[in-house]
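Every read-out reported here was derived from the displayed coordinates using simple, explicitly stated rules and does not represent laboratory data. This one's a predicted model, so the numbers in the text were calculated from it and none came from an experiment. Glycine also receives a Cβ, built like all others from the backbone with ideal geometry; neighbour counts cover every protein chain displayed.
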Amino acid sequence: MFVIFVFLLMIAVGCCTTDQNFEMKSVAAQQNVTLTCPRTFPHKANLFWIRIISGHQPEFLGGTYGFDYEGVHQTRHFTTKQEPGTFILYINQSQISDTGLYYCIGTETLEMTFVRGVFLKVKRPQSSISGIFQAPPSAAVHPGESVSLQCSVLSDSEKKTCSEDYRVHWFRAGSHQSHPDFIYTHGGNAECGNSSQKCFYSFSKKVSVSDAGTYYCAVAACGEVMFGNGAKLDIKEANTALYSLGAAFVATMIVSVCLIWTNDKKDYNDVKTVVMYSRMSKTSSKTRQQ
């Protein structure tokens, strides 16, 4: 097996795309693929389909004889069999992991011949999502108030190659967090235009000081997740210093008014005492004169 592996690597390095025995093939995921190999060998020869994927050992996919043979080598994913003049490899619903080098090799006694090579690239299904945009709150938010965050999802149905409907999620990354926290998943409550090319998703909640952070809108579609630009939410705490200063000013004013009122009352009492004393003196004087 090691000898075969080295031999195939030498072939892979030596081949180029201009070689008539080597082909570059690109398909979409979930698409069925058929690779063909000409049967031009003597009856005593054998043909094999082998593939090499980065990080894995060479994988045997199936084999046949040089003469007409009706046998079929089949798994859930691969099928190899003879057809008139060819030895085919059929891949059922190709996957991203099927990307790699596929070789058809002929062997006779101790000789090995490279017959056909294909580099197969399986492309990821393309989502219709073309952009995700978020806007921060328009005004400062204080604890106890409600805030509404919006996420705009733009889509282009002409580019969509997968049938999966997307889902919208919200995450929050706090200032001291290494990983974002999952918050909410939307159902079907979106506001979309007539063409459904622009949909708005809103997320509302009553905030506290601990809710400060950056909120991300994430769209999961076609096996991948796309994030928005994020909306930073700042929570404005009450200014206790200002409140303390105001309370101190009010207290000072109350004390001042009390002092003024007390002093005025004392002065009034002093004047009243003097007047009464003066009247009493005059009355006593008149009495003595009589």
Revision key, fill the gap. Whole-Hz Karplus couplings 3J(HN,Hα) for segment 100-114, θ = phi - 60° and coefficients 6.51, -1.76, 1.60, Gly and Pro as x, run x, 9, 10, 10, 9, 10, x, 10, 9, 6, 9, 9, 10, 10, 7
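Would you please give the FRET efficiency between Ser152 and Phe182, computed as 1/(1 + (r/R0)^6) with r the Cβ-Cβ distance and R0 = 25 Å, to the nearest 0.05?
Details: r = 21 Å, r/R0 = 0.83.
It comes to 0.75.
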Check your understanding: How much length, in nm to one decimal, is gained on full extension between Thr34 and His56, taken as 0.36 nm per residue of separation minus their Cα-Cα distance?
Key -> 5.7 nm
**Study point:** Separation of the Arg167 and Ser208 label points, Cα + 7 Å toward Cβ, nm
**Key:** 2.8 nm
**Study point:** For Thr86, distant residues with modelled amide H under 5 Å away
**Key:** Arg39
Exercise for review: Would you please give the FRET efficiency between Glu145 and Arg124, computed as 1/(1 + (r/R0)^6) with r the Cβ-Cβ distance and R0 = 30 Å, to the nearest 0.05?
Suggested key: 0.10
Check your understanding: Between Phe200 and Phe227, what length in nm is gained on full extension when 0.36 nm per residue of separation is reduced by their alpha carbon distance?
Key -> 8.2 nm
Point to revise | For segment 62-155, alpha-carbon Rg relative to the globular expectation (2.2 N^0.38 Å, N residues) | key: 2.18
**Study point:** Estimated distance in nm for a label pair at Cys192 and Lys44, the labels positioned 7 Å out from Cα along Cα-to-Cβ
**Key:** 6.6 nm
Practice item. Quick one: divide the alpha-carbon radius of gyration of segment 15-123 by 2.2 N^0.38 Å and tell me what you get. Key: 1.03
Study note, to complete from the structure: Amide H proximity to Tyr166 below 5 Å, modelled H, separation 5+ or other chain, gives none
